[in-house]
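Undergrad: Below you will find the structure I want to go over with you.
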Amino acid sequence: MPDEDVILENGTDHHEVPDHHQNQELKSKKLSWQKLRRYDSLDLESRSFTAHHGHASKGAEWSVILHLAFQSIGIVYGDIGTSPLYVFSSTFTKGINHDDDILGVLSLILYTLTLIPLIKYVFVVLRANDNGDGGTFALYSLLCRYAKVGLTPSQQAEDRDVSNFELELPSKRLKRASRLKSKLENSHFAKVFLLFATMLGTSMVIGDGVLTPCISVLSAVGGIKEATSAMTEDRIVWISIAILICLFMVQRFGTDKVGYTFAPIICVWFTLIGGIGVYNFIKFDPTVVKALNPQYIVDYFRRNKNDAWISLGGIVLAITGTEALFADVGHFTVRSIQISMCAVTYPALILAYTGQASFLRNHHHLVYETFFKSIPGPLYWPMFVAAVLASIIASQAMISGTFSIIQQSLSLGCFPRVKIVHTSARYAGQVYIPEVNYLLMVACVGVTLGFRTTAKIGNAYGIAVVFVMTLTSSFLVLIMIMIWKTNIFLVISYVLVIGSVELMYLSSVLYKFNQGGYLPLAFAMVLMTIMFVWNDVHRRKYYYELDHKISPEQLKEIAVSANFCRMPGLAMFYSELVQGIPPIFNHYAANVPALHSVLVFVSIKSLPISKVPLEERFLFRRVEPKELNVFRCVARYGYTDVRNEHEPFEGLLVEKLKEFIKDSFWISQRNMDDNNGEKFDIKEEEFDDGLANGENGKEDVKQVDDQEKQQDLLDEEIEAIDKAWRWGVVHLIGENEVTAAKGAGIVKRILIDYAYNFLKRNLRQSDKVFDIPHKRMLKVGMTYEL
């Protein structure tokens, strides 16, 4: 290709560019330059980055970790922390038939809490975070980075040179990992299935975010029936709805403020349920400690058979909100969540369930009101207030997780455009999405009005929880084999122990499908349909632009055409296409025969990493000939980066463009010096003799003069950029209308002409997502026939 890229090997650690007066030093000293490579294309996405790991806990100060650990108590554990409100009542739906059934259920709860939240999530799954961010899409992005399983053809081999991108892999067991990697890369079905599973997991977590507030708030508010008979079911429902609306209204203040407000309340809650658990354990039946023996689980299933299997749907509610541990890790750090779980949450829950079991051993008939009946009289009202507050906070865990995973799916092209608001200047992972917050509120109110009781919502709740856990385990097994290269016996042990437990729970909750279990699946189907439609058409558009891109030769023909005039100013033409100039520019040129004095094609690229450092955002390429002043730029973003909201996008791009021009000049000078070779590699005294007596001196003086002329040309080029910048920047946005091509099938026409265009009309446009000033924006329309 005639137009070459010059990209510095060491990223943004550029050499200091000599000024005009430093040229005199070239007479006597040999230039020493680091060997630099040249590239023919801007298709490379990055060189070396400085380490930037978002919220990864490595190197973080302990004071920050402990602050985040305290905050995480209020955000992450509200859901799992309020499970004692309803677990025993949801498990013994037909009452307690045998005294040892209580021990069997307690044993199931203890071992489930230990295996799933503690061992699986806190010590295994959290290790699979993507530079500090968690959730289903984080697991998918890890797989996309290691194997070419993404469906959009924008991956390049050079992506691996990004420090955040590179995976530190052990060197053993490569054969098995390579075999699995090869199978995934060569199977289109496997790629589609992985994306489908990711969308399903994401949809289920969002469904979980709808059900959590409903069941938690209804359970807590329902406790007031113990104090007064005037509290009817209708009043409980309407009070719950009022509380839910208030909860969603405070989301705009952000996780940071909400976390500091909620954390003390949840700490008090854990202290109360743990303390009451110890009180009940000592007062009623300390022998429930026998539940540590798993033999009671076997006996429980032998006695109750099918009923015991069905009751697993109630026991699984003890681990609801566990996925929030992983989904919310981007708001905090891995270490902070591990500390708060092991030091506060896990011990409090173990004590609470043990105390309730001790109480039930003497009060079988009170199983349906276990939580509030087991509270000592003087503590009833304090516990009621704490329960209501804790249940409100329980909703926060999945709401925060929902915001995080939607932000990730949006950046990876799997969700329609919505506004992402960063709510904390200190912690970049804390976000708020207004549209999603509103839709979650409407859905929660609808579910609360429709189901009205915690028993019905509990049936629906379990399916969402276990589905997400099972999908997480499936992704984790692939990561263990391909990326971590874990010993195969450990992988098999994980599948046999954790996998079998989760499949057993999944089979139980699916039994209640027609009793409300269909609800999360219905939510998931609606969300997956939206995600599939958007992602499918997004990929079709990318392939269309790739097939119809404008070559540099075509651009040169357009620019030098006699019908074209150049006007002062700088134009930025936005596109998602990385591999070339988008076809919409040809459409623009055919209708507006004028170009700005400087034109930059800005390609927006999302890398499958969480963050790209702000100062290393851009890569440039010059489109030859130089006189055109036409450049291509890749603006790289991670999936948790907010595009152009808190960064001076225009100014940063122009400054980096000028740096690129200077670096290109000095690299070209270095290559000229290499070509001259021995002529320039002479000693200082020899150079002085040459100036006085020899031909070499004349040649070197001529060379220095040429370099001075080149320096003048560089200064003129930089001045041209500055002048265009002072004249003003115009943002050209491609607004592409998409239609199904002639002869397309009815399914394709429905997908593109109706479903996608409906979503596009009712969601944010590009200028709103990028916060582009309306006074300096020009939209260019074109129809793509897909």
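The values are calculated or read from the model by the stated rules, or taken from the named source; none is laboratory data. Just so you know, these numbers come straight off a predicted model, no measurement behind them. Positions of Cβ are backbone-derived with ideal geometry, glycine not excepted, and every protein chain shown enters the neighbour counts. To get the accessible areas, we keep the full protein, side chains included, count just its heavy atoms, and leave off ligands, DNA and RNA. Shrake-Rupley method; radii C 1.70, N 1.55, O 1.52, S 1.80 Å.
Undergrad: When residues of segment 223-249 are filtered for being at pLDDT 80 or above and either over 23 Å from Tyr432 (Cβ atoms) or open to solvent by less than 70 Å² (accessible area, probe 1.4 Å) (or both), how many remain?
TA: Final tally of qualifying residues: 14.
Undergrad: Among (1) open to solvent by 10 Å² or more (accessible area, probe 1.4 Å); (2) in contact (Cβ under 8 Å) with a residue 60 or more places away in the chain; (3) under 27 Å from Phe253 (Cβ atoms), where does Asn459 come up short?
TA: Among (1) open to solvent by 10 Å² or more (accessible area, probe 1.4 Å); (2) in contact (Cβ under 8 Å) with a residue 60 or more places away in the chain; (3) under 27 Å from Phe253 (Cβ atoms), Asn459 violates only (3).
Undergrad: Cβ contacts < 6 Å: first residue assigned to a helix (DSSP H, G or I), restricted to segment 540-553; second residue modelled with pLDDT of 80 or more and among the charged types (D, E, K, R), any location; separation 6+ or different chain. Result?
TA: Taking only residues 6 or more apart or on different chains, not a single pair turns up.
Undergrad: For segment 561-581, which residues satisfy the criterion of being within 20 Å of Glu627 (Cα to Cα) and in contact (Cβ under 8 Å) with a residue 60 or more places away in the chain?
TA: Pro568, Gly569, Leu570, Ala571, Met572, Phe573
Undergrad: Let me ask another. Could you tell me whether Arg621 is surrounded by 24 or more Cβ atoms within 10 Å (Cβ to Cβ), under 35 Å from the mean Cα position of the chain (by Cα) and over 18 Å from Leu778 (Cα atoms)?
TA: Answer is yes for this residue.
Undergrad: Now a separate question. State the number of residues belonging to segment 716-763 that are hydroxyl-bearing (Ser, Thr, Tyr), surrounded by fewer than 18 Cβ atoms within 10 Å (Cβ to Cβ) and either part of a helix (DSSP H, G or I) or out of contact with any strand residue (DSSP E or B) (no Cβ under 8 Å at 6 or more places or on another chain) (or both).
TA: 1
Undergrad: While we're here: Suppose we filter Thr370, Thr402 for residues that are among the β-branched types (Val, Ile, Thr), within 19 Å of Gln71 (Cα to Cα), assigned to a helix (DSSP H, G or I) and open to solvent by less than 30 Å² (accessible area, probe 1.4 Å); which single one remains?
TA: Thr402
Undergrad: Further, regarding this structure: Open to solvent by less than 70 Å² (accessible area, probe 1.4 Å), hydrophobic (A, V, I, L, M, F, W, C) and assigned to a helix (DSSP H, G or I): is that true of Ile282 in this structure?
TA: For Ile282, the condition - open to solvent by less than 70 Å² (accessible area, probe 1.4 Å), hydrophobic (A, V, I, L, M, F, W, C) and assigned to a helix (DSSP H, G or I) - is not met.
Undergrad: Taking interchain pairs and intrachain pairs at least six residues apart, which have beta carbon atoms under 9 angstrom, with the first residue in segment 272-284 and touching a residue at least 40 places away in the same chain (Cβ under 8 Å) and the second open to solvent by 40 Å² or more (accessible area, probe 1.4 Å) and not in a helix (DSSP H, G or I)?
TA: Hits for this filter: Phe284/His363.
Undergrad: Further question: Restricting attention to segment 328-367, which residues are open to solvent by less than 50 Å² (accessible area, probe 1.4 Å) and of a type in the set (Gly, Ala, Ser)?
TA: Answer for segment 328-367, where residues must be open to solvent by less than 50 Å² (accessible area, probe 1.4 Å) and of a type in the set (Gly, Ala, Ser): Gly330, Ser336, Ser340, Ala348, Ala352, Gly355, Ala357, Ser358.
Undergrad: Considering every residue within segment 582-590, establish whether at least one is of a type in the set (Gly, Ala, Ser), in a loop (DSSP other than H, G, I, E, B) and touching a residue at least 12 places away in the same chain (Cβ under 8 Å).
TA: Scanning segment 582-590, I find no residue that is of a type in the set (Gly, Ala, Ser), in a loop (DSSP other than H, G, I, E, B) and touching a residue at least 12 places away in the same chain (Cβ under 8 Å), so the answer is no.
Undergrad: Restricting the first residue to segment 351-371 and requiring it to be acidic (Asp, Glu), which pairs with a second residue that is part of a helix (DSSP H, G or I) and open to solvent by 20 Å² or more (accessible area, probe 1.4 Å) meet a Cβ separation below 9 Å and a spacing of at least six or different chains?
TA: Going by the 9 Å Cβ cut-off, the qualifying pairs are Glu369/Ser89; Glu369/Lys225; Glu369/Glu226.
Undergrad: Next question. For segment 508-520, give me the residue count where each residue is touching a Lys or Arg at 6+ places or on another chain (Cβ under 9 Å) and surrounded by fewer than 21 Cβ atoms within 10 Å (Cβ to Cβ).
TA: Counting residues in segment 508-520 that are touching a Lys or Arg at 6+ places or on another chain (Cβ under 9 Å) and surrounded by fewer than 21 Cβ atoms within 10 Å (Cβ to Cβ) gives 1.
Undergrad: I'm checking my understanding of the structure. Among residues of segment 110-147 that are among the aromatic types (Phe, Trp, Tyr) and open to solvent by 10 Å² or more (accessible area, probe 1.4 Å), which one is farthest from Ile479 (Cα to Cα)?
TA: The residue in question is Tyr111.
Undergrad: I'm trying to understand the selection: among the residues of segment 481-505, which are hydrophobic (A, V, I, L, M, F, W, C) and modelled with pLDDT of 90 or more?
TA: Hits for segment 481-505 are Phe489, Leu490, Val491, Ile492, Val495, Leu496, Val497, Ile498, Val501, Leu503, Met504.
Undergrad: What number of residues within segment 293-339 satisfy the criterion of being at pLDDT 90 or above and assigned to a loop (DSSP other than H, G, I, E, B)?
TA: So the count comes out to 2.
Undergrad: Among the residues that make up segment 260-270, is at least one of them modelled with pLDDT under 85, of a type in the set (Ser, Thr, Tyr) and either open to solvent by 30 Å² or more (accessible area, probe 1.4 Å) or in a helix (DSSP H, G or I) (or both)?
TA: Yes - at least one qualifying residue is present in segment 260-270.
Undergrad: Among the residues of segment 474-483, is there at least one that is within 25 Å of Leu113 (Cα to Cα), not in a helix (DSSP H, G or I) and not acidic (Asp, Glu)?
TA: Within segment 474-483, none of the residues are within 25 Å of Leu113 (Cα to Cα), not in a helix (DSSP H, G or I) and not acidic (Asp, Glu).
Table: residues versus (1) within 33 Å of the chain's Cα centre (by Cα); (2) open to solvent by less than 70 Å² (accessible area, probe 1.4 Å).
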site	(1), (2)
Leu506	yes, yes
Phe532	yes, no
Arg539	yes, yes
Ser551	no, yes
Ile558	no, yes
Phe564	no, yes
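Undergrad: Determine, yes or no, whether Val600 is surrounded by 20 or more Cβ atoms within 10 Å (Cβ to Cβ), touching a residue at least 60 places away in the same chain (Cβ under 8 Å) and among the aliphatic types (A, V, I, L, M).
TA: Criteria not met by Val600.
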